[in-house]
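Structure first, commentary second.
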Amino acid sequence: MQRRHFLSAAASVPLAFSLARARAAAPRSDTPRFLLVFLRGAYDSNSLLVPTHSDFYYDARPTIAIARPGEANGALPLDGRWGLHPAMEGSVLPLWQRKQACFVPFAGTDDLSRSHFETQDSIELGQPLEAHPGSRSGFMNRLAQLLQGRIGMAPMAFTAQLPLCMRGPARIANTALANVGKGGVDANRSRAIAAMYAGTALAPAVNEGFAVRETVLRGIQDEMDKAGRDAISAKGFSLVAQRMATLMRDQFDLGFVDVGGWDTHVNQGGASGNLANRLDDLGRGLATFAQEMGPEAWRHTVVAVVSEFGRTFRENGNKGTDHGHGTAYWLLGGGLSAQAGGQMVGEQVEVSEASLFQNRDYPVLNDYRGVLGGLFARMYGLSPAQLQQVFPQAAVQDLRLV
């Protein structure tokens, strides 16, 4: 056997073992299922979940704000204070109307680095910020350890590499369901314009200008790509959601997938544009996932959509947003409680300039470890001591999500 064939075969053994184990003890339709969707790059929650009651929101975002309900391309009304991005009209809004979706605004972590990589790692580890650097087991791996032995328990990461949150003693398989490429900065138009000036006195200035532009945009694109850590794109997620739902319905009950492309420093757009397109793809994928799970399995499924942090409340000079702090989490599932389904849940504050954290971001009032800890307690019947194993030193926040 040639070395490359040996390595390829060896790499497939853990996945094959896990799949065989899952088929031998497939989860029942009423088995609790949990999927974590990690939006890498820090999505702009202020465009998804629009504070339509806040005049300050519209003052702070003169070109990218989502209009109020009833106006052209306006937000979809959720209640008297909040609206949903119009790209979600055919996907997430129906789930909200069926009480199968809720949002936790002002959510996040105490990590103040505003670094994609540091904050992503911090969240996936699920440890207190002062934890020893050697504590490298992820919180979903620790959850899987507690749930081992339960009928049908089979975790899976739908990623090319095992994510940090699933690394640790519990054996967890991973596989990517798609490999959707990411486009770079398109230089075709720049070359065409430069060709128009070839041989003229303006040619050196035009070429130099495009060279500088390409260098700057490449730097921005590199940051956005790295922030995504090779996560699948929103378009890719929408294409594989049906396949992923089939696997979680029939074989796996604890899942993870990450979706990249949310670092919108430049030309973010409002009701249409770059961010709107990604939200549309993400929403379609989530709706497809819910439908493909089937009514009975969906009734026992919770999907949590999180991101490492939010973005600045005010738009920047490039019609985008920069690294922020607080964000909004989404919870989807057919079994959301009457107290949560179709509601804004968690601690909240008035959206105004006075309430901003460091005069730039949403504050974090709902810690991710507390929110997820409260969810896991209800889904799996975990004791306070067991929750401390998953999220050490966390103050569990029971939002009665299920």
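Per-structure values
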{"quantity": "Check: segment 68-128 dipole with +1 on Lys, Arg Cβ and -1 on Asp, Glu Cβ, in debye", "calculated": "420"}
{"quantity": "Cβ-based net charge around residue 313, under 11 Å, with every Lys or Arg adding one and every Asp or Glu removing one", "calculated": "-2"}
{"quantity": "Cβ-defined net charge surrounding residue 144, 12 Å radius [Lys, Arg +1; Asp, Glu -1]", "calculated": "+3"}
{"quantity": "Nearest-20 debye value, segment 246-342 charge dipole, Cβ charges on Lys, Arg, Asp, Glu", "calculated": "280"}
{"quantity": "Contour minus Cα-Cα distance for residue 338 and residue 355 (0.36 nm per residue)", "calculated": "3.2 nm"}
{"quantity": "Simple Cβ-charge dipole of segment 255-402, Lys/Arg +1 and Asp/Glu -1, about Cα centre, in debye nearest 20", "calculated": "160"}
{"quantity": "Longest to shortest principal axis, alpha-carbon extents of segment 254-402, angstrom", "calculated": "49, 36, 26"}
{"quantity": "Spherically averaged projected area in nm², based on the convex hull that wraps the Cα atoms of segment 71-154", "calculated": "9.5"}
{"quantity": "For segment 239-334, alpha-carbon Rg relative to the globular expectation (2.2 N^0.38 Å, N residues)", "calculated": "1.25"}
{"quantity": "Relative exposure of 259, 302, judged by other C-beta atoms within 10 Å (fewest first)", "calculated": "302, 259"}
{"quantity": "17 Å reach of a label modelled at residue 98, 7 Å along Cα-to-Cβ, counting backbone N of segment 272-296", "calculated": "283-296"}
{"quantity": "FRET efficiency, residue 31 to residue 176 (Cβ-Cβ, R0 30 Å, nearest 0.05)", "calculated": "0.75"}
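Read-outs: derived from the displayed coordinates by stated rules, not from any lab. None of these values were measured; they are calculated from a predicted model. Cβ: placed from backbone, ideal geometry, glycine included. Neighbour counts: every protein chain shown.
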